[in-house]
Amino acid sequence: MPRTTWVLPGMLCLLAGFASAQTTRQMGALAVRDKAPSDKAVDLTAEDLAAVVKAMPGKNLATTRLLEGGFYSVNIRRLTGPETAHVHPTALTIYVVREGSGTLITGGTIVDAKGQPVADSKPGDDIKGGATRTIKAGDIVVTPPGVPHFIRDAKGPLVFMNLIFERGAAANAGPQSAVSACDRECLRGKVTQLLSALVKHDVSGLPVADTLRVTEDAVEKPLAKVGLVGTVTRLRGFRQDVIDERAGVVAAQVVVEETGAPVLLVVRLKVVADKLTELELVATRSRAEGLIFNIDGLGAPSAVMNYAPRASQLATRDEATRAALKYPEGLNGAKTFAAVSAPFAPDAYRYENGQVMAGPDCKFAPGCENISTQSLAIFERLGDVQTRVIAVDERLGIVLLRMAWGVRERGGDQLTVWEAFKVYDGQIRAVEAFMRILPFEKRTGGWQ
């Protein structure tokens, strides 16, 4: 069998002016496989690459990040349709086409659906005035920093290596260096690094700040004393990231295992200067802990939540947050979401711990097939809903809220819910939540 070897230290020498952890906007989700070592070369064989590409359609992945190097990344992409027009202001990108063909546009001006230029290097719907060409297997395209690029169509599908390097980083960085600002894929990589450390039962290598604060199930403790460090044995296939680049926050709903037993795990990280400053973990291990525990409904991330809207479809950060906050407003009103004008799409759904609890496929209770008109009368006795905005993923249009409700006084239990809202085209399209019962005293999760 043929063998392809990428020797990364040599690559950095040849491209000493560049390295990056940035990525593009595209249809479908992205998965990060490994953190790149800094003291040895890495082999990515032809067999390995073929296996990765073969698995991508079933996981709804357009991109797999093969190696995250902090100041560079090695990716493989599989496109079956157009991506979003975008630009890396400070990163050089290299495409090495392996299979299929497509139409690539470079240069020109990024525009929205109405043909108007977008500002501040934001993504858009098309490129006006760029150079258009067909790319095919065997071609290599090098795009300098600041040059817009856009794959308008893909045939075959189009499979290509995507190498991204941040300007100046490789020349100035030592073996253990990383860019000071943690962008989208850097934040995603921090979650991957944490999950890997849990599986290995060793968190000593995590990049933590001296001021790191950690809570596990709303109890503050040192990182080395986190119970999950000694109990997690494997990662399952479900992981939903919510990445807030502006706040330096990333959260993830993940299914892990403890000696074969599934666990629903919520992770929240805050990153400052490439170091972890906050870590919040909440684990649900059974129906008794979460009211619902449908592992069969959590085989893979949903296509709806990972759909990447075009720029013209996305709400602003404030607009998306206001839409999501209509949810706790509706719960507090104890009537229906329609009564508070929550902007649910007609086919919107809600999943809780893997179970359909509202939407067209809901069989849970009469009337649950319409989330807007589903009765919320039970909240008349459940009391007020405490709400905290955890993260706003402006790239994918996801708002993550942490809510708690139930008993009104100390000594009882409340339901804590990490609820992700998919918002685009002015409507809430989906709600997906992980839940855990916690004592009233822990309703803030230990975080104010």
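The values are calculated or read from the model by the stated rules, or taken from the named source; none is laboratory data. Remember, it's a predicted structure, so these values are computed and weren't measured experimentally. Cβ placement follows ideal geometry from the backbone for every residue including glycine, while neighbour counts extend to all protein chains displayed.
Within the set of pairs 6 or more residues apart or between chains, which connect a residue that is under 17 Å from LYS225 (Cα atoms) inside segment 266-282 to a residue that is of a type in the set (Phe, Trp, Tyr) and modelled with pLDDT under 95 with Cβ atoms less than 9 Å apart?
GLU278/TRP447; GLU280/TRP447
Restricting to segment 360-398, name every residue that is hydroxyl-bearing (Ser, Thr, Tyr) and in contact with a strand residue (DSSP E or B) (Cβ under 8 Å, 6 or more places away or on another chain).
Once the filter is applied, which keeps residues that are hydroxyl-bearing (Ser, Thr, Tyr) and in contact with a strand residue (DSSP E or B) (Cβ under 8 Å, 6 or more places away or on another chain), segment 360-398 yields SER372, THR387.
Let me confirm something: among ALA345, ALA358, which residue is touching a Cys at 6+ places or on another chain (Cβ under 6 Å), touching a residue at least 60 places away in the same chain (Cβ under 8 Å), small (Gly, Ala, Ser) and in the same structural domain as GLY330 (by TED's automatic domain parsing)?
After applying the criteria, what remains is ALA358.
Please pick out the residue among LYS190, LYS225 that is over 21 Å from SER286 (Cα atoms) and either assigned by TED's automatic domain parsing to the domain that holds ASP318 or touching a Cys at 6+ places or on another chain (Cβ under 9 Å) (or both).
LYS190
Quick one: how many residues across segment 313-339 are under 19 Å from ALA404 (Cβ atoms), in a helix (DSSP H, G or I) and of a type outside the set (Lys, Arg)?
10
Hey, does segment 263-281 have a residue that's surrounded by fewer than 22 Cβ atoms within 10 Å (Cβ to Cβ), in contact with a Ser or Thr (Cβ under 8 Å, 6 or more places away or on another chain) and more than 20 Å from ALA391 (Cα to Cα)?
Checked segment 263-281: at least one residue is surrounded by fewer than 22 Cβ atoms within 10 Å (Cβ to Cβ), in contact with a Ser or Thr (Cβ under 8 Å, 6 or more places away or on another chain) and more than 20 Å from ALA391 (Cα to Cα).
When the residues of segment 54-74 are narrowed to those that are surrounded by fewer than 20 Cβ atoms within 10 Å (Cβ to Cβ) and basic (Lys, Arg), which ends up modelled with the highest pLDDT?
LYS54
Scan segment 139-164 for residues that are at pLDDT below 95, in contact with a strand residue (DSSP E or B) (Cβ under 7 Å, 6 or more places away or on another chain) and not in a strand (DSSP E or B) and jot them down.
Selection gives PRO144, PRO145, VAL147, PRO148.
Taking segment 108-127, which residues are among the small types (Gly, Ala, Ser) and surrounded by 15 or more Cβ atoms within 10 Å (Cβ to Cβ)?
Listed by number, the residues that qualify are GLY108, GLY124.
List pairs: first residue in segment 131-151 and closer than 16 Å to GLY107 by Cβ, second residue loosely packed, with under 13 Cβ neighbours inside 10 Å and at pLDDT below 95 anywhere in the structure, Cβ distance under 8 angstrom, at least six positions apart or on different chains.
PRO145/PRO89; GLY146/PRO89
Picking from ARG402, ARG395, which residue would you name as being of a type in the set (Lys, Arg), within 30 Å of PRO117 (Cβ to Cβ) and either part of a helix (DSSP H, G or I) or touching a Lys or Arg at 6+ places or on another chain (Cβ under 9 Å) (or both)?
Answer to the selection: ARG395.
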